[in-house]
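K.L.:
Here it is, the structure in full.
Read-outs: derived from the displayed coordinates by stated rules, not from any lab. Since the structure is predicted, the reported quantities are computational estimates derived from the model, not experimental observations. Note: ideal-geometry Cβ built from the backbone for every residue, glycine included; neighbour counts use all protein chains shown.
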Amino acid sequence: MDYLPRQVESTLVRAVGEFPAVVLTGPRQSGKTTLLRHLFGSSHGYISLDLPDVRAAAKLDPRGFLQHYRPPLILDEVQNVPELLPYLREAIDHERAACGRFVLSGSHNLLLMEKVSETLAGRTAVLRLLPLAWAELDHRDTAALPWECAAERPAELAGVSSSTDPWARIVRGGYPEVSLDPQRDARLWHASYLQTYLERDVRLLRNVGDLTQFQIFLRSLAARVGQLLNLTALARDLGIAVNTAKAWLSLLEACHQVVLVRPYFSNYGKRLVKTPKVYFLDTGTLCALVGLHDAEPARLGPMAGGLFENAAVVEILKRLTHHGKSPGLSFWRTSTGHEVDLLVEHAGSLVPIEIKATATPRAEMAAGIRILREALGDRLGPGYLIHGGTHRLPLGPALTAWPLLGM
């Protein structure tokens, strides 16, 4: 299988040229090892700390290990040997001015970040690689999201190719092994991925005594994508403690399986404590959890709106994350039910986005944006209606319909 360029490449290369160490995190099977070996295979040595004998050697004599494997060096799955990080700091400080000496990868965000912040603060850049974005799969120029363009030229409001079924792509997901090989049994792949994830990562990060109950929690969470996440009600329905539900949710965030999007308030502290929405970072994982394995049942089923919204939110998140930007995502909702699905912080303003699975977008579908604009005025930038069709259309003043396939 030919190598597929990733959006994060330019940011990663720049970081390696500016920092003594660079950390690349992301879920298992998102392509971290392939990316690092493609970009730096000719300039850096490569060591996988996933191998038991290598891991044991690094733990037994970390200083000797680093003296034997001299930089520049790629250390894969470095979270397996956190004892190595203080000695990496020592090696970095010995030649502090030298850049790109260590490139580290890891699959567990919170565990790895805790160790990095303790030992490599000021010495490392941290980037994240998520599953393949649709623009990457289509080999499209990924320089900017619609609102990042200085101006929209008439040519940019043309249609996009309709050869790809967005629902087939949603069901299949973005992990390279399954998304790049149409002959691969996606149902079997995702089932195996979830089983491996449960057995390996969950037990490694937290002592989850009842894996069956955790799996039920995971599936229940998947059924709530795009909705306000009431953990207290969810815990009550499953017969588990609220603190257990919170711990399990944090575990899923640490393993790059889910992301929380919080409601918008001008008071950031208030934003943090209000009820969030949950989205899965891979739509294939999400569909597998709710038992959807084909495009038509996904398109026509009761979860169609939530699945499409999840896909749109995550595509925006991937683009921002892969370019090294802080996503700055939120949503807006009033007590009377008015809502804007997504707000993106950009250039000092907020970009309002409505997300509809329809292939026939209409201006009235973005009524929430109009109401929010009355409240926020100039703080709100031009709005977008992301839809399931193939055309980019002006829908009125400061509102454009934009197909998900063209993001």
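K.L.:
Go ahead and estimate [θ] at 222 nm for the chain from helices alone: -39,500 (n - 2.57) per DSSP H run with n ≥ 4, summed, over the residue count, rounded to 500.
P.N.:
Working: 18 runs with 162 residues, N = 407.
Estimated from H runs of four or more residues: -11000 deg cm²/dmol.
K.L.:
What's the FRET efficiency of Glu253 with Lys325 using the Cβ-Cβ distance as r and R₀ = 22 Å, to the nearest 0.05?
P.N.:
On the way: r = 19 Å, r/R0 = 0.86.
Using R0 = 22 Å, I get an efficiency of 0.70.
K.L.:
Pick from Ile353, Ile240, Ile74 the residue whose mean-square fluctuation is largest in a GNM of the chain, springs joining Cα atoms under 10 Å.
P.N.:
Evaluated over the chain, the most mobile residue of the options is Ile240.
K.L.:
Could you sort out which of Lys59/Lys318; Lys32/Lys274; Lys274/Lys325; Lys246/Lys356 sit more than 27 Å apart by Cα distance in this structure?
P.N.:
On the way: Lys59/Lys318 34 Å; Lys32/Lys274 34 Å; Lys274/Lys325 24 Å; Lys246/Lys356 30 Å.
Pairs exceeding 27 Å: Lys59/Lys318; Lys32/Lys274; Lys246/Lys356.
K.L.:
What ranking do 184-195, 378-389 get when scored by the average of other Cβ atoms within 10 Å per residue, highest first? Walk me through the intermediate numbers first.
P.N.:
Numbers: 184-195: 16.1, 378-389: 20.7.
Per-residue mean Cβ counts within 10 Å order the peptides as 378-389, 184-195.
K.L.:
Which of the three applies to region 9-128, rounded, prolate or oblate, going by the alpha-carbon gyration tensor with a ≥ b ≥ c and a/c under 1.5 meaning rounded? Mind showing how you got there, number by number?
P.N.:
Numbers: a/c = 1.26, a/b = 1.09, b/c = 1.15.
Judged from the Cα gyration tensor, region 9-128 comes out rounded (a/c under 1.5).
K.L.:
Give the residue from Gly337, Val313, Ser163 lying farthest towards the positive end of the charge dipole for region 134-406; charges sit on Cβ (+1 for Lys and Arg, -1 for Asp and Glu) and the dipole is referred to the Cα centre.
P.N.:
Checked the options; the winner is Gly337.
K.L.:
If you average the sequence gap of Cα pairs under 8 Å that are 6 or more apart and divide by the length of region 134-406, what percent do you get for the contact order? Don't skip to the end; give the middle numbers.
P.N.:
Details: 382 pairs, mean separation 53.0, N = 273.
Once normalised by length, the contact order is 19 percent.
K.L.:
Here's a follow-up. What residues from region 298-338 fall in the zone where the backbone N is under 19 Å from a label point 7 Å along the Cα-to-C-beta line of Glu364?
P.N.:
Residues 337-338 fall inside that zone.
K.L.:
For region 228-235, take each phi angle, set θ = phi - 60°, evaluate the Karplus expression 6.51 cos²θ - 1.76 cosθ + 1.60, and give the result in whole Hz per residue in order, putting x for glycine and proline.
P.N.:
Once θ is set to phi - 60°, the couplings for region 228-235 become 4, 8, 9, 5, 5, 5, 5, 4 Hz.
K.L.:
In nm, to one decimal, how far is the Thr336 label point from the Ala168 one, both placed 7 Å along Cα→Cβ?
P.N.:
Here the modelled spin labels are 4.5 nm apart.
K.L.:
How much length is gained on full extension from Asn243 to Asp138, taking 0.36 nm per residue of separation minus their Cα-Cα distance?
P.N.:
Roughly 33.6 nm would be gained on extension.
K.L.:
Here's a follow-up. What is the gain in length, in nm to one decimal, between Ala191 and Glu95 on full extension, counting 0.36 nm per residue of separation less the C-alpha to C-alpha distance?
P.N.:
Details: separation 96, 0.36 × 96 = 34.56 nm, distance 4.61 nm.
The Ala191-Glu95 span can extend by a further 30.0 nm.
K.L.:
Which far-off residues, 5 or more places away or on another chain, put their amide H under 5 Å from the one on His346, with H placed in the peptide plane?
P.N.:
Amide H neighbours of His346, under 5 Å, 5+ apart: Val351.
K.L.:
Projecting each Cα onto the charge dipole of the chain (Lys/Arg +1, Asp/Glu -1 at the beta carbon, about the Cα centre), which of Thr283, Trp189, Leu36 comes out farthest on the positive side?
P.N.:
The one lying farthest along the dipole's positive direction is Thr283.
K.L.:
Which one, Val103, Tyr46, Thr400, is farthest towards the positive end of the dipole of the chain when Lys and Arg carry +1 and Asp and Glu -1 on their Cβ?
P.N.:
So the residue furthest toward the plus end is Thr400.
K.L.:
Give the separation of the Cα centroids, region 361-391 to region 210-269, in Å.
P.N.:
After rounding, the separation between the Cα centres reads 29 Å.
K.L.:
Magnitude of the Cβ-charge dipole of region 134-406, K/R +1 and D/E -1, about the Cα centre, nearest 20 debye? Numbers along the way, then the final one.
P.N.:
Working: 29 positive and 27 negative charges, 154 e Å.
So the magnitude is around 740 debye.
K.L.:
Give a residue-ordered list of calculated ³J(HN,Hα) values for region 298-303 (Karplus: 6.51 cos²θ - 1.76 cosθ + 1.60, θ = phi - 60°; whole Hz; x for Gly, Pro).
P.N.:
Listing the rounded values in order: 5, 5, 9, x, x, 9 Hz.
K.L.:
Let me ask something else about it. For region 297-407, rounded, prolate or oblate, judged on the Cα gyration tensor with a ≥ b ≥ c (square roots of eigenvalues), a/c < 1.5 rounded, else prolate if a/b > b/c?
P.N.:
Values: a/c = 1.44, a/b = 1.16, b/c = 1.24.
In terms of gyration-tensor shape, rounded.
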